[in-house]
Every structure is written in C-alpha cells, then in structure tokens.
Amino acid sequence: MAQPSEFPTDEPRVIDEPSSWFEENRKGIFAAIVLILVLSCAGVWWWQAREARESQASALLIEATGPADWQKIADTYAGTPSAPLALMRLAQASRDKSEWDASLSLTDRFIREYPRHPFFPAMQLARAQTLEAAGRTDEALRAYEAIQSAKPSHPLIGAAVLGLARIHEAKGNLTAARNVLSDFLARDRASVYTAEASQKLKSLPEAPAAAQAP
C-alpha cells in the first residue's frame, strides 16, 4: 500500500517573507547619504574660504608698509599664518621706539594667541628683554629664569642666561652672575651663545673680599 507523500506538491503554498533590509531602512540610508554630501560640501566650502582668507592676509602682509597695515592684519585676519608675523613686526616697531608697554602688550598677545607658533620661543625671550630694557628688572629676572628652567630645554636658554648675568651684575650680585654663567658653560658647550657667555664670565669684576674682623 502506497504511503501518502509527506510534502504535497499539488497544493500552492503561500510564504509570508519579510521585506528586505534595504526596503525597511531605505529612508535612513538616504538621509545618511544626504547628510554625508552636505557635510562634504560644507568641508570643501570651509577649506576654500580658509585658503582665500589666508591668501588675502599674505598678500596684505607683503604689501604692508607700516604699523597700521600690520595692525589690520593682526586684527582682521587673526588665526591666519600672517597674523602672528604682523604682531611680531608691531612689537618690534614699538621696541625700536622704546614704547615698552605697547611692545609688551603685543608680545603678550602673541604668546597668548599663538602658543604653537615656531617663533613662540623667540617672543618669550623678546618679552624678557623688553622688561629688562624697560627697567622692570625683577619681572625680567623671573622671565629669564622661566626660560632657563623650562623643560624640555628652551632653544634660547643661552640668551636667557646672558640676561640673568646682566641683571645679577647690575644688582651687584656678582657671585650669582658668575654661577649662572659657569653652570651654563659646563652644561652646554655646543650652544651658539657659548663664546659670548665665556667672554661675559671673564669680564665680570672680582667680588669684593669680605671685610676681616679686627
């Protein structure tokens, strides 16, 4: 006797299959694509605008003839590569005219706004030298000491050591001047400031002998 088939073939079967993943998520996919396109366009626009702004600032810096032009670049084009260079020129122009407060203000602005600039160490030294030139010796001393003790070593430590020696000598602290120069020469013989530091050390007058008790 024939056994009935376990899988009848004559009757149609209806299978309810779920919609495909793409159909279920089509709106989200399209929204993501649109967002990516918008962000890409915005990025291209921002990059082109930045490049145009930097080009304008660079052209103005080349054509600049004095402080008014440099001030405009520093203010209007802040953040561009030309702005810190304009600040440097402004600070130097003020130093040349012995306008110490103005020079310090501009130098401090550079240090505050452009801490990652390649000329940042030079402006730190310029600040200390300007304080020294202005007669603000205690402040200059602290500024030079900050450069001297910086970690990692400051690229202009030799100039700071010479500044410290000058201030110590002016204050009559000849032993301190001699020590700071000697320490530098013992530590960094390859510095471009070695010869000047050595000459300065040799030129220091001898400290007066201590008075002997009767």
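Values in this text are rule-based calculations from the coordinates and carry no lab data. Note that the structure is a prediction, hence the values are computed from the model and not measured. Because the Cβ atoms are built from the backbone with ideal geometry, glycine has one as well, and the counts that use them run over all protein chains shown.
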What nm distance separates the two modelled labels at L174 and K151, each placed 7 Å from Cα along Cα→Cβ?
3.5 nm
Per-residue Cβ neighbour rank within 10 angstrom, fewest leading, I111, I147
I111, I147
By the gyration tensor of its Cα atoms, with a ≥ b ≥ c the square roots of the eigenvalues, what is the shape of the stretch 126-205: rounded for a/c under 1.5, prolate for a/b over b/c, or oblate?
oblate
Could you sort the peptides 156-166, 64-74 by per-residue average Cβ neighbour count (10 Å cutoff), highest mean leading?
156-166, 64-74
Among D108, D101, what is the fewest-to-most ranking by other Cβ atoms within 10 Å?
D101, D108
Run the numbers for Q199 and D101: contour at 0.36 nm per residue of separation, minus the present Cα-Cα distance, in nm.
32.1 nm
I need the phi-derived Karplus couplings for the stretch 164-173: 6.51 cos²θ - 1.76 cosθ + 1.60, θ = phi - 60°, integer Hz, Gly and Pro marked x.
4, 4, 4, 5, 4, 5, 4, 7, x, 8
